[in-house]
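Presented below is the structure to which this report refers.
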Amino acid sequence: MNSKELIALDLRHLWHPAAQMKDYETLPPLIVESAQGPFIHTADGREIIDGISSWWCKSLGHRHPRIREAVNRQLDRFEHVIFANTTSDTLVRFGEKMAQICPKLDKVFLADNGSTAVEIAMKMSLQYHLQTGNKERNTFVALHNGYHGETILTLAAGDCEIYSKPFANILPKVEKTDPLVYCLGPGSVGWDKYPDPAWNEIEKQLDMLAPRVAAVIFEPVIQGSGGMKIYSPDLLRRFRAWTDKHNIHLIADEIMTGFGRCGKMMACEYAGIIPDFATFSKGMTAGWGPMSAVMCSTETYNAFYGDYFSGKAFLHSNTYTGYPVTAAAALAAMEIYEEEKVIEKAPEKSARLRQLMEYVGSETGALNNIRAIGYMAAADIVNPETGKPFDYKQRTGFKFYQRAMDNGALLRPIGDTFYFLPPFNTPDDVLERMAEIAAKSLKQVIGKQ
Ligand SMILES: Cc1ncc(COP(=O)(O)O)c(C=O)c1O
């Protein structure tokens, strides 16, 4: 089958994610032949830099030899057995390693994607309150502009209308905070302290809801799908103090931020807080397969522990919970993160990515709000003539995406916000090439070239 036929057959049957399929008329799918390290190799012989780590998960690049070896070793033994009433050394070692991330969160519940993990944490929080004499705690507070996944409950917790609008009629009500005050990353103005007046407004809102709230849910420090927006970790300290006062949970959605992406194993570490639940996926397996985890404390776990007829058990199940193949990948990935000092190297890498984004800004004059944290940098595309955003109907970000793909980098923006979120181990010369491609593509889009 030649490439044209393959694409025609793809479009006849396959419905791709997060897309208006009509866009595929002008932006047909890349035909992936193979992928290695930071590169995707296409059927027409091109090498494309995976500048967004394939939706933020391929933290160690494609086909990392050590992870491949670990996965193959597991596959040689068995791939999956029901996790109810079975166990294996791979899963036990995985659980032990997970419990070391934040020693207070020493219980791990497994699922197979990020949305489900967040939904599980929310369900656990509700059930916990129900079983500890607080059944009136049956709602949540989430942050303005947050994103937590695509199931109905997580869409309700999210605040990205583009995904949730068609379902507005059936979404449970989740209160959202006032809009947040953002900053440009560690060390920038507004990073150390969340402004008192803005917090006071949020606190007023929270106080009114306090008796009904089971948990406050948030993406710690950076909101990914909401446009890579960074806020002061001080806000999280304030949430922790407030929720402690009211016996309310904190759910940290670390699905994007965790495992080094934001420069720490957990972004909550920036605030020095421990949430009641933390959810992980993406970088946990270095993108080697669908797997997610919800971490909580023994104290929380104990609220579900009792005789069978106490009815306290947490009866959530997904078929692929406890999938040993991805657990083997995660174990190898965690070893590599440690050995390659991913966390220690983050400040330097962050500065480099910020520099590269600044370079794109200076070449084009079309970037605003350049920001960086950990292994990511982002900026908003603006009209260089006016310094203002383009009309969203011009789809500038989408055009940039097309150009960048033609020029050799996968840099899929969020609206008109584009970002670098490459695998941690991307060599410097590849990062530079990625920035050159971004600058060239943006110039083409804004008519400078
Ligand atoms: C913060 C956050 N939570 C939840 C999710 C949902 O994860 P998944 O796509 O694996 O369902 C994402 C995905 O991007 C995310 O960034």
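List of remarks:
- Subset of the range 270-282 [buried (at least 24 other Cβ atoms within 10 Å of the Cβ) and away from the ligand (no atom under 11 Å from the Cβ)]: Pro275, Asp276, Phe277, Ala278
- All conditions in (1) of a type outside the set (D, E, K, R); (2) in contact with a Pro (Cβ under 7 Å, 6 or more places away or on another chain); (3) over 26 Å from Asn425 (Cα atoms) hold for Pro384, with the sole exception of (2).
- Filter pass, Ala267 being at pLDDT 95 or above, buried (at least 24 other Cβ atoms within 10 Å of the Cβ) and closer than 17 Å to Lys58 by Cα: no
- Residue satisfying all of: in the range 13-59; among the β-branched types (Val, Ile, Thr) and not in a loop (DSSP other than H, G, I, E, B); surrounded by the most Cβ atoms within 10 Å (Cβ to Cβ) among these: Ile49
- Cross-chain or 6+ apart pairs with Cβ under 8 Å, the range 276-288 first and within 12 Å of Ser54 (Cβ to Cβ), then within 11 Å of the ligand (Cβ to nearest atom) and not hydrophobic (A, V, I, L, M, F, W, C): Lys282/Gly114; Lys282/Gly258; Lys282/Arg261; Gly283/Gly258; Gly283/Arg261
- Gly322, sole failed condition from (1) surrounded by fewer than 24 Cβ atoms within 10 Å (Cβ to Cβ); (2) assigned to a loop (DSSP other than H, G, I, E, B); (3) not β-branched (Val, Ile, Thr): (1)
- Note on the range 368-403: residues that are in a helix (DSSP H, G or I), in contact with a helix residue (DSSP H, G or I) (Cβ under 8 Å, 6 or more places away or on another chain) and free of Cβ contacts under 8 Å to residues at least 60 places away in the same chain amount to 4.
The values are calculated or read from the model by the stated rules, or taken from the named source; none is laboratory data. Keep in mind that this is a model prediction, so the values were computed, not measured. As a convention, Cβ positions derive from the backbone with ideal geometry for all residues, glycine included, and neighbour counts pool all protein chains shown.
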